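Data first, discussion second: the structure below is written as structure tokens.
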Amino acid sequence: QVQLMESGGGLVQAGGSLTLSCGVDVPPGCLLAMSWYRQAPGAERELVARINSNDGTDYTDSVKGRFTISRDNAKNTMYLRMNRLNPEDTAVYYCKADFEKQCIMAVRSLTAWGQGTLVTVAS
């Protein structure tokens, strides 16, 4: 199954910034949409932001104006720039990739998840 490679988590003070990245090794044209989810302790996993193959984006209300999702299609890599972080943003952040149906033989599953990266925002 396709592996997603995340990086960029860590500890930051409230008001600070972090950038997460998520790369995926798939054949050209197979990557459809990519998303960031997060799961805080004791909470459900929630969608944070999503970017489709045409660079259309969606954000959950709590991060609008503070987080920016982007992707580099040449590198099959997605980024999440997080500004003005607050303690409520503390969570494990997961990237998710959706693949084109015609690529099923190459990717084995139409969805793949990263292992998660911890973001801790200290007050």
Counting only residues that are among the acidic types (Asp, Glu) and farther than 20 Å from residue 40 by Cα, region 65-123 contains a total of 3
Residue by residue through region 1-41, note down the ones that are at pLDDT 95 or above and on the phi > 0 side of the Ramachandran plot.
8, 10, 15
Quick one: which residue in 71, 81, 66 is under 30 Å from residue 104 (Cβ atoms) and either open to solvent by less than 30 Å² (accessible area, probe 1.4 Å) or within 11 Å of the chain's Cα centre (by Cα) (or both)?
71
For residue 2, are the conditions met, namely being outside any strand (DSSP E or B) and touching a strand residue (DSSP E or B) at 6+ places or on another chain (Cβ under 6 Å)?
yes
Checking residue 47 against (1) open to solvent by 50 Å² or more (accessible area, probe 1.4 Å); (2) closer than 21 Å to residue 102 by Cβ; (3) in a strand (DSSP E or B); (4) of a type outside the set (Phe, Trp, Tyr), which single condition isn't satisfied?
(2)
Which condition number in (1) farther than 30 Å from residue 123 by Cβ; (2) open to solvent by 40 Å² or more (accessible area, probe 1.4 Å); (3) not polar (S, T, N, Q) is the one that residue 59 fails?
(1)
Kindly indicate whether any position in region 60-81 is over 19 Å from residue 6 (Cα atoms), hydroxyl-bearing (Ser, Thr, Tyr) and at pLDDT 95 or above.
yes
Tally the residues that are among the aliphatic types (A, V, I, L, M), in contact with a Leu (Cβ under 8 Å, 6 or more places away or on another chain) and without any contact (Cβ under 8 Å) to a residue 12 or more places away in the chain, restricting the search to region 63-108.
1
Residue, surrounded by the most Cβ atoms within 10 Å (Cβ to Cβ), within region 10-44, restricted to residues that are in contact with a helix residue (DSSP H, G or I) (Cβ under 7 Å, 6 or more places away or on another chain) and more than 22 Å from residue 83 (Cβ to Cβ)
30
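The values are calculated or read from the model by the stated rules, or taken from the named source; none is laboratory data. What you see is a predicted model; the values in this text were computed from it and never measured. Cβ atoms come from the backbone with ideal geometry, glycine included; neighbour counts cover every protein chain shown. The accessibility values were calculated without ligands, DNA or RNA, using every heavy atom of the protein model including side chains. Shrake-Rupley method; radii C 1.70, N 1.55, O 1.52, S 1.80 Å.
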